[in-house]
Every structure is written in C-alpha cells, then in structure tokens.
Amino acid sequence: MFYGILSAALAPGWIVLIVMTVVVIALFVVLYFLGKKAQKKQAEQQAELQAHKQYVTMLVIDKKKLKIKESGLPQAVIDQTPKYLRWQKLPIVKAKVGPQIATLIAEDKIFEDIPVKKEIKAGVSGLYIVDFKSLRGKPITSDTPKKEKKGFARWVEKMQEKAGAKPLK
C-alpha cells in the first residue's frame, strides 16, 4: 500500500535519482573507512622502517625510475611484489656500498635530491633508502638543473611577476 502511494507521488526519474544518491553516499563512506585503514597501515610500516634504519656510507653510481623487472632487484623481491604493482616504475638507485654494488629502492620524496657520483651517508632499511645525509658535513645540492618553463607557463609566470602576485607551484 505504501509503495503504491510512494510510486504514484514520485516519478520514476526521481526514484532513480534517490537510489543513485544513496549508492554514491554509501560508496564514499566505504572509501573513507578504507582510506583510514590504509593510512594507519602505512604509518605502521613507516615506523617499522625507521626502527630498522642503519646509516651506511655509499657512493651513488646511478639513479633511474625503472619498472621492477628492469631494475635488477633480486628475483625473490620481484616475486613478492603484487601483480598490479609490477607495471609501476620505482625510484632505483645503484650504489657502491663497501666493496659491492647494490641496487636499492629510494623513497619518492628524497629520490630527486640524491646526488649522483657522490658519497653520501644513507639511512637504509633493507632494500629501501629512507633518508640521507651529506658526508663530511658538506651541504648536498641537487645536480639536476631546474627545468625552464616553456610557452604558456612561462608567459603566466611573467604576468604574475609584473602583477606582483606570488607564483603558483
């Protein structure tokens, strides 16, 4: 009886709209809780990496972003990587640690700052470079020059300078 009154009062388009809204809200709630769970798990992993970190002196030979199969990492590491992550490129650093050459994975946030062909003291946890310091107290500067903006981006930057506005990042 109630359904008959409801369907007579609402057009089919409104019913579809209400159902879609409920589904979207439910989807956002599920994603919110999954995101909180993933964030907590990441924080635990980060704490674990920091706890097992050891500082090692190394000479950085090369650094590139490579797919995991092309990286030169041990086969056991490649096999343990989930299949959906194997296509993704990783920040790989080849370095001479003591007498041997090692292939390590760097954190994304420090990868660009790691100098090539220089000695550094790196905080290593397993195969991961978590952070690094300069060796002998010298400040480390990035060897890679900043890319010069072209075309429209350069024009926007010039206009912002003329207007006295702060540049966008």
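Computed from the coordinates by the stated procedures, all read-outs in this text should not be read as laboratory data. Predicted model only: the values in this text are computed from it and were never measured.
Couplings for the stretch 35-51, taken from phi via the Karplus curve 6.51 cos²θ - 1.76 cosθ + 1.60 with θ = phi - 60°, read x, 5, 5, 5, 5, 5, 5, 5, 5, 5, 5, 5, 5, 5, 4, 5, 5 Hz in order; Gly and Pro are left as x. Our coupling estimate for the stretch 26-32, obtained by passing each phi through the Karplus curve with A = 6.51, B = -1.76, C = 1.60 and θ = phi - 60°, is 4, 5, 5, 5, 5, 5, 4 Hz, Gly and Pro reported as x.
The Rg/Rh ratio for the stretch 1-132, using Cα coordinates for both the radius of gyration and the Kirkwood hydrodynamic radius, is 1.33.
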